[in-house]
Amino acid sequence: MPGHSMRIVLCALFALLLLSSPALHAVEPKEMLPDPALEARARNLSKELRCMVCQNQSIDDSEAPLAHDLRVLVRERLQAGDSDTQVISFLVARYGEFVLLRPPLAWHTAALWGLPPAALLIGVIAIILVVRRRRAPAVETANLSAAEEARLTEVLRDG
């Protein structure tokens, strides 16, 4: 089947092409700053900030209008002379820690940081318990009397 193997090779090449393609960013050319150093800082900050609409994307990757507005705001703050920390602080003060893709470890974010490892630990313990139960020797059953064995054989034969 030469055609079949050729299809498999083409599908594999297509999958490899998709997986190796560079990530596309939503930053528009008109947003970019003329100063390469400031633009690099803006891009780094944008990768750390959550799109409030998409929630699972950074504002650097999101095409949502709010993400665009946040990218512009980051660049305006940088052009005004703010440090990276000041820009982050400004956005956290305005939108809360939810704007951060990686919020800091603090008492009020402990559940956010602690639940994934706890869930993993619980899963591992559950798997260990299930494996141990399956490996445990079977409980011995009581031996049947001769009359009970005869009755069981009769029932199985008739049924």
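The values are calculated or read from the model by the stated rules, or taken from the named source; none is laboratory data. Nothing here was measured: the structure is a model prediction, and the numbers come from that model. Ideal geometry is used to build each Cβ from the backbone, glycine not excepted, and the neighbour counts take in all protein chains shown.
Table for the structure above
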quantity	calculated
The stretch 70-85, residues that are over 12 Å from S46 (Cβ atoms) and within 28 Å of the chain's Cα centre (by Cα)	T85
Candidate set: the stretch 90-104, residues that are free of Cβ contacts under 8 Å to residues at least 40 places away in the same chain and surrounded by 11 or more Cβ atoms within 10 Å (Cβ to Cβ); chosen: the one farthest from C54 (Cα to Cα)	F90
Conditions (1) in a helix (DSSP H, G or I); (2) modelled with pLDDT of 85 or more; (3) closer than 27 Å to S46 by Cβ; number of the one not met by A150	(3)
Condition check for E39: over 30 Å from H108 (Cα atoms), among the charged types (D, E, K, R) and within 23 Å of the chain's Cα centre (by Cα)	no
Condition broken by G81, with the remaining ones in (1) at pLDDT 85 or above; (2) small (G, A, S); (3) on the phi < 0 side of the Ramachandran plot satisfied	(3)
Only listed residue being under 24 Å from the mean Cα position of the chain (by Cα), modelled with pLDDT under 85 and among the acidic types (D, E), chosen from E140, E97	E97
Selection count, the stretch 105-119, where residues are surrounded by 12 or more Cβ atoms within 10 Å (Cβ to Cβ) and farther than 27 Å from A42 by Cβ	1
Criterion: part of a helix (DSSP H, G or I), within 25 Å of the chain's Cα centre (by Cα) and more than 22 Å from M52 (Cα to Cα) - qualifying residue of L112, L66, L121, L129	L121
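Residue by residue, here is whether (1) modelled with pLDDT of 90 or more; (2) surrounded by 11 or more Cβ atoms within 10 Å (Cβ to Cβ); (3) touching a helix residue (DSSP H, G or I) at 6+ places or on another chain (Cβ under 9 Å) holds:
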{"residue": "M52", "(1), (2), (3)": "no, yes, yes"}
{"residue": "S62", "(1), (2), (3)": "no, yes, yes"}
{"residue": "I88", "(1), (2), (3)": "yes, yes, yes"}
{"residue": "I125", "(1), (2), (3)": "yes, no, no"}
{"residue": "I128", "(1), (2), (3)": "yes, no, no"}
{"residue": "L156", "(1), (2), (3)": "no, no, no"}
